[in-house]
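Asks: Pasting a structure here, questions to come.
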Amino acid sequence: MDLTTRYLGLSLRCPLVASASPLSVSLDRIVALANSGVGAIVLYSLFEEEVHREELRDVAIVETHEHVFGEAMSYFPTTARPGGPEASAVSRYLKLIERASATVNVPVIGSLNGSTEGGWTRLARSMQDAGAAAIELNIYFVPGDPHTPGRLVEDRHVEILREVKENVTIPVAVKLSPHFSSPGEMALRLDEAGADGLVLFNRFLHPDVDPDRLSVEPGVVLSRPEDARLPRSWIAILHGHVAGSLAATTGVERGEDVAAYLLAGADVVMTASALLRHGVEHAGRILNGLETWMSRKGFESVDEVRGRLAVPRDADATAYERAGYVAALERGRSTYSSLGIR
């Protein structure tokens, strides 16, 4: 069975990719992920706030000692040693990329998480220099101000991508939110701006209200297979319309879930929740399930599967989706009519 595929111009041994999560915070865990059979590993995200915090710390050190005598400059305080016990979040991250890329036999992808334009995007170059095979931009921008225009949100995504592309030569993927008025148009804009791939979709971990504690609590919920319908629909629409790769994420629990995403048109399928829920070794079970499904259906390679159920390129995608919506309602009526649903 040929499970090889290509993502961001990289050759992968299989279409299952470990997405950014706590599973990739150490070299031991990264090695375990590689040994589980995944085709590539996206490291946990380095946040814009961490970069800014360390920049402010360095500025404070300089300002505190800027008036000392010149002959005392040999005593100028230094930041923590890269990789040492007090190493900064940035230096630890870069060291992890360096060690991981030299140790495992699958591509290691760095992940940058931010929401504003600025110098933090230049860190992508440091990730490239450390050995990252690609960069995943996890743009988490939820405008809390209700006066923020939608086009500003969209333009910021494009500008962040352009800033990163100006600093690196390795491939760059953008992890997108589904919360655009037209996700398809946003995908096309990013594709035209140079994105080498799109990851659909980012799951925003919204806080929620706890009525017992009378407090707002962080919300962290692992995805389930039923969550895959939205990203799968958009991958099916975008397949054949973008030059870059399409990566699916969310709701991957079994080999059949990977197969469904491939049929929709995904180049790779990412998972984190299933591995957090069942352990790293579950990746092997997912891949075995995919091979079993392919054998049962008579497919010999991933390329034979990809896009077979995507929206036809010459079809009216809007009418196609509307027809699917109406068909779903009709099925719902027939299924639940005995309960009095109209």
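Asks: Please list, ordered by first then second residue, the pairs with beta carbon atoms under 8 Å, 6 or more apart or interchain, first in region 23-43 and more than 11 Å from residue 280 (Cβ to Cβ) and open to solvent by 10 Å² or more (accessible area, probe 1.4 Å), second among the charged types (D, E, K, R) and part of a helix (DSSP H, G or I).
Replies: 27/99
Asks: Another one. Restricting the search to region 212-256, which residues are of a type outside the set (A, V, I, L, M, F, W, C), in a loop (DSSP other than H, G, I, E, B) and surrounded by 13 or more Cβ atoms within 10 Å (Cβ to Cβ)?
Replies: 223, 224, 239, 240, 241, 244, 250, 251, 253, 254
Asks: Determine which single condition residue 75 fails, assuming it passes every other condition in (1) at pLDDT 50 or above; (2) open to solvent by 70 Å² or more (accessible area, probe 1.4 Å).
Replies: Failing condition for residue 75: (1).
Asks: Going by the conditions given, is residue 132 touching a helix residue (DSSP H, G or I) at 6+ places or on another chain (Cβ under 6 Å), more than 24 Å from residue 41 (Cβ to Cβ) and surrounded by 19 or more Cβ atoms within 10 Å (Cβ to Cβ)?
Replies: no
Asks: Just to be sure, is residue 127 out of contact with any His (no Cβ under 8 Å at 6 or more places or on another chain) and at pLDDT 90 or above?
Replies: Against the criterion (out of contact with any His (no Cβ under 8 Å at 6 or more places or on another chain) and at pLDDT 90 or above), residue 127 qualifies.
Asks: Under the condition of being touching a Ser or Thr at 6+ places or on another chain (Cβ under 6 Å) and crowded, with 21+ Cβ neighbours inside 10 Å, which residue from region 274-306 is farthest from residue 22 (Cα to Cα)?
Replies: For region 274-306, the residue satisfying everything is 302.
Here is a yes/no grid of residues against (1) among the charged types (D, E, K, R); (2) within 30 Å of residue 99 (Cα to Cα); (3) in contact (Cβ under 8 Å) with a residue 12 or more places away in the chain:
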{"residue": "122", "(1), (2), (3)": "yes, yes, yes"}
{"residue": "148", "(1), (2), (3)": "no, no, no"}
{"residue": "156", "(1), (2), (3)": "yes, no, yes"}
{"residue": "174", "(1), (2), (3)": "no, yes, yes"}
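Asks: For region 36-50, indicate whether the set of residues that are part of a helix (DSSP H, G or I) and at pLDDT 95 or above is non-empty. First the steps, then the outcome.
Replies: First, the residues of region 36-50 that are part of a helix (DSSP H, G or I): 36, 48-50.
Restricting the remaining residues to those that are at pLDDT 95 or above gives 36.
Checking region 36-50: at least one residue is part of a helix (DSSP H, G or I) and at pLDDT 95 or above.
Asks: Quick check on my filter: what residues within region 130-153 are modelled with pLDDT of 95 or more and either out of contact with any strand residue (DSSP E or B) (no Cβ under 8 Å at 6 or more places or on another chain) or assigned to a helix (DSSP H, G or I) (or both)?
Replies: Across region 130-153, the qualifying residue is only 130.
The values are calculated or read from the model by the stated rules, or taken from the named source; none is laboratory data. Since the model is a prediction, treat every value here as computed from it, not as a measurement. Cβ sites come from the backbone with ideal geometry, for glycine too, and all protein chains shown count toward neighbours. Surface areas here come from the heavy atoms of the whole protein model, side chains and all, with no ligands, DNA or RNA. Shrake-Rupley method; radii C 1.70, N 1.55, O 1.52, S 1.80 Å.
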